[in-house]
Amino acid sequence: MSLVEIVMYVALLGALSVFVTNSLIQIAGAYQRVRAEREVLSGARTLLDAVAKSTAAAEEVYTPASRFNSDAGQLSLVTVLGATPGHTTAYIDFWVDGGRAFSRAEGSATTTLTVASVRVVKFRFERLVQGLNREAVKTTVQVDSANPRFPASVTLNATTALRGNY
Amino acid sequence: MISHSRQQGFGLIEVVIVTALIVTALFGFAQTGATAVRLLHTQQDNLEATLLAREALEAVRSARDESWSANIAWRTVSPLASPSLRYYPVIVNSKWSLATTSPGLINGKYARYVVFAKVCRNGSDDIVSSCGTDDPGTRKVVATATSTTQSVTLTTYITDFQSYLNPSAETKSVSFENAITGTNLAAFPSNNAGTGDPAQGFTIGATAISVSKIELFLRSASATPSDIYVELRTSPTGTVLGTSNMITATTMATTSPAWVEFRFFSPVALAAATKYYVRLRSTPSSTDAGSGSVGSLYWDYYQQSPSGPYAGGEARRYIGQLSNPADAGQSLDQYDYGFRIYALP
């Protein structure tokens, strides 16, 4: 093997190493980004579904414990689901604290609705009253990635009428 | 020597092949990542559009729940099964409304609208695509949410089943409807200065009533006024008998005044021949300087000398100003704000 060949091999190896390393970093970044996007999408959808299902089944909004028209909103519902013995209805609350969403059904422990890798930056409720005993809640959820290196954000909204039993 | 020469040549080819393989593999991985991101974006767009279309159908059901005849029945045109114009679900005064003009793109991205079509039935009462008899109590609704990359269409049927349920009817019990002047009379909501709330006094007739809703004749005079609600009180600063739902003030009309509906979720019992006050409030509170409240709204009124046009009460302003809950504000005895008090039978 001549000196020229050695130089050529070393140069090729160096260039290849740089390329491979750079590519691996980019691929790892891409997969981290995919993961962040997937987590915010899944987190937002799960959160919105949980609120919407409980709202649809609720009989009424419990006003004193609810906070409307705020990006850090809180919703308290009176529902027949999960009623304890001796009671016909129960309360279920949704709120956000420190970028994470929580719910608590009466008589149950607090449940965390979002994972630590996402932040709930908007959890907004708007109370709509269409007529006598015709009430609905418009929910807007914005979930961002908690990792600033891989920004991802999803905003979803839904309007759910309070129908009481379905 | 020959063998040695072959070995040297194979080494070069090997390097080239391995390099090509590695580059190809890395390119494949990178493409997989980019494709995954693209698919996720497509999935996100599809989910957003689906939820918007679903919300449009919920808006139509809400409008149906309010009044079939006023909100749904007339929105179709002949011939049968011919779709109507496009209607755009928008929130006005904290209730769904179907506008004829587009409110613009939602989230800067999606156009959303619904169309209505009459529904035909055959002799067996089954829905058929054409001919048959028009069912005036059923409408086909098609909701569409579309962007440059996604288009989602959902279809449903709605019926006028609630007309068979005999819902409770509210009746107008006390009112003053001749308010014709819209100016910034009450400086409400205060622009962070704590100038207080306006109120209107009214007197119940000879029979006690249970108030289910109040309508005030209001107009938004700025882009982002604070949200508002009303309280029923025994006096301008007296006991709170009832608190209404909150109205998102940014959804109020800005060009001309309209009757804005405030609902009480538990009917408020008011005694016969007794004077009460409906006090307009804001969130953040207009009574506290530095609260962050933003003006302004015009509560239309009528001025008449020497006394106001409505004999059962008077308009007031500046109630509770500068965080003084005992301050009954200024009586405007020549003025009355427009209001309607509704009661359940």
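The values are calculated or read from the model by the stated rules, or taken from the named source; none is laboratory data. All values derive from a computational prediction rather than experimental measurement. FYI the Cβ positions are ideal-geometry reconstructions off the backbone, even for glycines, and counts take in every protein chain you see.
Kindly establish whether A:VAL129 is at pLDDT below 90 and not in a loop (DSSP other than H, G, I, E, B).
It is true that A:VAL129 is at pLDDT below 90 and not in a loop (DSSP other than H, G, I, E, B).
Identify all residues within region B:252-266 that are at pLDDT below 90 and touching an Asp or Glu at 6+ places or on another chain (Cβ under 9 Å); write none if there are none.
Listed by number, the list holds a single entry, B:PHE265.
Being closer than 27 Å to B:ILE228 by Cα and assigned to a loop (DSSP other than H, G, I, E, B) is the filter here, so list the residues in region B:85-107 that pass it.
B:ASN93, B:SER94, B:THR100, B:THR101, B:SER102, B:PRO103, B:GLY104, B:LEU105, B:ASN107
Here are some conditions: (1) assigned to a loop (DSSP other than H, G, I, E, B); (2) modelled with pLDDT of 90 or more; (3) assigned by TED's automatic domain parsing to the domain that holds B:TYR298. B:THR148 meets all but one. Which one does it not meet?
Result: B:THR148 passes all but (3).
Just a yes or no: is a residue in region A:104-123 of a type outside the set (Asp, Glu), under 20 Å from B:THR251 (Cα atoms) and at pLDDT 90 or above?
Initially, region A:104-123 is screened for residues of a type outside the set (Asp, Glu), giving A:104-105, A:107-123.
When the remaining residues are screened for being under 20 Å from B:THR251 (Cα atoms), the result is A:122-123.
Then keep just the ones that are at pLDDT 90 or above; that gives A:122-123.
Yes.
Does B:VAL114 satisfy being in contact with a helix residue (DSSP H, G or I) (Cβ under 6 Å, 6 or more places away or on another chain) and either surrounded by 15 or more Cβ atoms within 10 Å (Cβ to Cβ) or modelled with pLDDT under 85 (or both)?
On the way: in contact with a helix residue (DSSP H, G or I) (Cβ under 6 Å, 6 or more places away or on another chain): yes; either surrounded by 15 or more Cβ atoms within 10 Å (Cβ to Cβ) or modelled with pLDDT under 85 (or both): yes.
Yes: the conditions hold for B:VAL114.
Kindly establish whether A:THR84 is free of Cβ contacts under 8 Å to residues at least 12 places away in the same chain and hydroxyl-bearing (Ser, Thr, Tyr).
The answer is no for A:THR84.
Can you pull out every residue in region A:13-27 that is surrounded by 14 or more Cβ atoms within 10 Å (Cβ to Cβ) and within 36 Å of the chain's Cα centre (by Cα)?
A:VAL20, A:SER23, A:GLN26, A:ILE27
Cβ-Cβ below 6 Å, separation at least six or inter-chain, first residue in region B:153-170 and more than 21 Å from B:ARG86 (Cα to Cα), second among the polar types (S, T, N, Q): which pairs?
What qualifies is B:GLU170/B:SER212.
Mind listing just one residue for me: the one in region B:41-67 that is assigned by TED's automatic domain parsing to the domain that holds B:VAL152 and at pLDDT below 90 and, of those, surrounded by the most Cβ atoms within 10 Å (Cβ to Cβ)?
The selected residue is B:ASP65.
Look at B:SER331 and say whether it is among the small types (Gly, Ala, Ser), in the same structural domain as B:SER222 (by TED's automatic domain parsing) and not in a loop (DSSP other than H, G, I, E, B).
Against the criterion (among the small types (Gly, Ala, Ser), in the same structural domain as B:SER222 (by TED's automatic domain parsing) and not in a loop (DSSP other than H, G, I, E, B)), B:SER331 qualifies.
Restricting attention to region A:134-157, which residues are assigned to a strand (DSSP E or B), under 20 Å from A:GLY99 (Cα atoms) and small (Gly, Ala, Ser)?
Within region A:134-157, A:SER145, A:SER153 qualify.
Name the residues in region A:86-98 that are under 29 Å from A:ASP144 (Cα atoms) and buried (at least 16 other Cβ atoms within 10 Å of the Cβ), would you?
Hits for region A:86-98 are A:TYR91, A:ILE92, A:ASP93, A:PHE94, A:TRP95, A:VAL96.
Taking A:ILE27 as the residue in question, decide whether it is outside any loop (DSSP other than H, G, I, E, B), within 30 Å of B:THR248 (Cα to Cα) and of a type in the set (A, V, I, L, M).
Judged against the criteria, A:ILE27 is not a match.
Looking for something of a type outside the set (Val, Ile, Thr), at pLDDT 90 or above, assigned to a helix (DSSP H, G or I) and in contact with a His (Cβ under 9 Å, 6 or more places away or on another chain) - is there at least one such residue anywhere in region A:51-73?
no
Being at the interface with another protein chain (Cβ under 9 Å from one of its Cβ atoms), farther than 15 Å from A:SER153 by Cβ and of a type in the set (Asp, Glu) is the filter here, so list the residues in region A:1-55 that pass it.
Within region A:1-55, A:GLU5 is the sole residue that qualifies.
If I go through region B:108-145 residue by residue, how many of them are of a type in the set (D, E, K, R) and assigned to a loop (DSSP other than H, G, I, E, B)?
Number satisfying all stated conditions: 3.
Mind checking which residues of region A:114-155 are in contact (Cβ under 8 Å) with a residue 60 or more places away in the chain and surrounded by fewer than 21 Cβ atoms within 10 Å (Cβ to Cβ)?
A:VAL115, A:SER117, A:GLN142, A:ASN147, A:ARG149, A:PHE150, A:PRO151, A:SER153, A:THR155, listed by residue number.
Against the condition of a type in the set (Phe, Trp, Tyr) and either more than 11 Å from chain A (Cβ to nearest Cβ) or surrounded by fewer than 17 Cβ atoms within 10 Å (Cβ to Cβ) (or both), how does B:TRP96 come out, does it pass? Write out each step before concluding.
Numbers: of a type in the set (Phe, Trp, Tyr): yes; either more than 11 Å from chain A (Cβ to nearest Cβ) or surrounded by fewer than 17 Cβ atoms within 10 Å (Cβ to Cβ) (or both): no.
In short, no.
Going through region B:153-190 one residue at a time, which ones are among the polar types (S, T, N, Q), within 24 Å of the chain's Cα centre (by Cα) and buried (at least 17 other Cβ atoms within 10 Å of the Cβ)?
Passing the criteria: only B:SER190.
Of everything in region B:13-67 that's at the interface with chain A (Cβ under 8 Å from one of its Cβ atoms) and basic (Lys, Arg), which residue is farthest from the chain's Cα centre (by Cα)?
B:ARG54
Being among the hydroxyl-bearing types (Ser, Thr, Tyr) and assigned to a loop (DSSP other than H, G, I, E, B) is the filter here; which residues of region B:151-174 pass it?
B:SER168
Give the residues of region A:92-112 that are of a type outside the set (Gly, Ala, Ser) and outside any loop (DSSP other than H, G, I, E, B), sorted by residue number.
Pass one, region A:92-112, residues of a type outside the set (Gly, Ala, Ser): A:92-97, A:100, A:102, A:104, A:106, A:110-112.
Matches in region A:92-112: A:ILE92, A:ASP93, A:PHE94, A:TRP95, A:VAL96, A:ASP97, A:ARG100, A:PHE102, A:ARG104, A:THR111, A:THR112.
Given region B:193-295, what strands (runs of 3 or more DSSP E) lie entirely inside it while holding 1 or more residues that are within 13 Å of another protein chain (Cβ to nearest Cβ) and within 23 Å of B:TYR335 (Cβ to Cβ)?
Filter on region B:193-295 gives B:209-220, B:227-233, B:258-270, B:275-283.
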